[in-house]
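These notes are about the structure you will find just below.
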Amino acid sequence: MDKKKNEVFQVKVADIGDNGEGIGKADGFTWFIKDAVIGDLVEAKVTKVKKSYGYARLMRVLEPSPYRREPLCPKARRCGGCQLQAMDYKKQLCFKENKICNNLRRIGGIGNLQMVDEKGAPRQGDNREIGKGGPPVLVYPILGMEKPWRYRNKAQFPFGRNKEGGVITGFYASRTHVIIENEDCLLGAAENKGILACIRAYMEEYGILPYHEESHTGLVRHVFIRKAFRTGQIMVCLVVNGRVEELTEAGVLVERLIGLPCGDSRIVSVSCNINREQTNVIMGKETVDLYGPGTIIDYIGDIQYRISPMSFFQVNPAQTERLYHTVMDFAQLAGTETVWDLYCGIGTISLFLAKKARMVYGVEVVREAIEDARANAELNGIGNVEFFAGKAEEVFPEQYGRKQLHADVVVVDPPRKGCDKLCLDTMIKMAPERIIYVSCDPATLARDLKYLCEAGYRAEKVRAIDMFPWSVHVEAVALLSKGQAG
């Protein structure tokens, strides 16, 4: 390969990488090109060359792919949060389903993936390669969104200054802390735009400085906004590098915020989170309420949840409900089962499952989340749940070893890094009839499924749920049952 940095060349994009980048070959050399869509003929400029592959920047689309679409957001390419906005939505769903299947084959060693329809019959016209070996693992159709916009119930906006010294907010450009100005992200609630404009105007009027990361000066770092889609309640939380008293005339800001026209929604909580640390972590440990209860109420199905600024709550409520129904369907509960829900957060899945289980035990490392989980159980009058604060890999083995608590069904919803090995080993010892694995990373899902299958479990079903349209991220639910290794 004789191409040098900054050299311009043409290439046909033939595939998509796991991070959404286009992949093409020129003279037998593989190129990864951000913002290129499968099927494009593009002109690209070399940015980095490795031994057998290289990276290039998209310069021009010479012949657009049939799957290429004009991004609705004018900031999409600079922002980098929506890696797939230039791709047809149906093609995105196909990419995400393939991403999961490829990881299950390559990393998980799961051979016979059978693409099926909603009734479990082979999909008509689906000619994707099906592996060999072992009983079939049924792959149900990915659950996409009919209207994949304005779906996020949570947004975090950093504040800074532009070259003219004005206060700005928006999102960090990909892999940087450079703020791309944007007060109306099309994935977030429409009310965010007015809230951000209100805060920015207040800061400029009262001379309140945005945070400057390098010098660790300035006051307002971020604003954190949450909207409960079912109830219309909105929470606004300013993250500040100092004391609440440093917010000049904070009462004025509160009055302006709660007076904003929000249609059928309303701002019911305004708070300040204190974060004086020199860190990339957005939220500090202390939150001071300026107005309202400091929480909002939302629903998933018929379960209501009290959500605080520190609570983990899925960002796409419409798809979350479909995700939890998939978990419930895979769990096959008859009302007699003991269920363990590991990495349970504020008890969202636990309370959903408690409706059809005899007893549910939830484990979560964030103590505040467990407090929320217990409050949510009380709020809903659900008594057949018990929550433990601590690491799943510590609490789960301890309760099994010391109290001999067993499980008929185990549900795990771990972070992106997947399950801790000790947690997996305890599941294997406890030997539940079914394990339902909820994953936000296909690679660690495949790795952990391989470990469980080698220990005697068999993967039965997999379903992808598109929780994050226009991004490369995808959620998946897998069912494993006791049996011979698959």
| field | Those residues of the range 394-418 which are in contact (Cβ under 8 Å) with a residue 40 or more places away in the chain and open to solvent by less than 50 Å² (accessible area, probe 1.4 Å), in sequence order | value | F396, L405, A407, D408, V409, V410, V411, V412, D413, P414
| request: Tell me, please, whether a residue that is under 30 Å from P71 (Cα atoms), modelled with pLDDT under 95 and not β-branched (V, I, T) can be found in the range 416-433. | output: yes
| note | For I436, the lone unmet condition from (1) touching a helix residue (DSSP H, G or I) at 6+ places or on another chain (Cβ under 6 Å); (2) modelled with pLDDT of 95 or more; (3) open to solvent by 20 Å² or more (accessible area, probe 1.4 Å) is (3)
| field | Meets criteria (at positive phi and not in a strand (DSSP E or B)) for G345 | value | yes
| Taking the range 267-309 only, how many residues are surrounded by 17 or more Cβ atoms within 10 Å (Cβ to Cβ), in contact with a Ser or Thr (Cβ under 7 Å, 6 or more places away or on another chain) and outside any strand (DSSP E or B)? | 5
| remark: Within the range 353-381, of all residues that are surrounded by fewer than 21 Cβ atoms within 10 Å (Cβ to Cβ) and touching a residue at least 60 places away in the same chain (Cβ under 8 Å), the one farthest from E337 (Cα to Cα) is E368
| said: Given the options L58, L62, name the one that is farther than 27 Å from L187 by Cα, part of a strand (DSSP E or B) and aliphatic (A, V, I, L, M). | reply: L62
| request: Could you look through the range 225-279, keep only residues that are without any contact (Cβ under 8 Å) to a residue 12 or more places away in the chain and within 25 Å of F313 (Cα to Cα), and pick out the one that is farthest from the chain's Cα centre (by Cα)? | output: E277
| said: When you scan the range 225-248, do you find a residue that is among the β-branched types (V, I, T), closer than 17 Å to M203 by Cα and in a helix (DSSP H, G or I), even just one? | reply: yes
| request: Have a look at G81, G108 and point out the one that is of a type in the set (G, A, S), under 29 Å from V438 (Cβ atoms), within 19 Å of the chain's Cα centre (by Cα) and assigned to a loop (DSSP other than H, G, I, E, B). | output: G81
| query | Checking T248 against (1) under 23 Å from M145 (Cα atoms); (2) open to solvent by 60 Å² or more (accessible area, probe 1.4 Å), which single condition isn't satisfied? | reply | (1)
| Just one of the numbered conditions (1) buried (at least 17 other Cβ atoms within 10 Å of the Cβ); (2) touching a Lys or Arg at 6+ places or on another chain (Cβ under 8 Å); (3) closer than 14 Å to A155 by Cα is not true of A190; which one? | (1)
| query | Taking the range 206-217, which residues are of a type outside the set (D, E, K, R), open to solvent by 20 Å² or more (accessible area, probe 1.4 Å), without any contact (Cβ under 8 Å) to a residue 60 or more places away in the chain and assigned to a loop (DSSP other than H, G, I, E, B)? | reply | G207, L209, Y211, S215
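The values are calculated or read from the model by the stated rules, or taken from the named source; none is laboratory data. It should be emphasised that the depicted structure is a prediction, and the values quoted were computed from it without experimental measurement. Using ideal geometry, Cβ is built from the backbone for each residue, glycine included, and neighbour counts are taken over all protein chains shown. When the accessible area is computed, the model is the full protein with side chains, heavy atoms only, and any ligands, DNA or RNA have been set aside. Shrake-Rupley method; radii C 1.70, N 1.55, O 1.52, S 1.80 Å.
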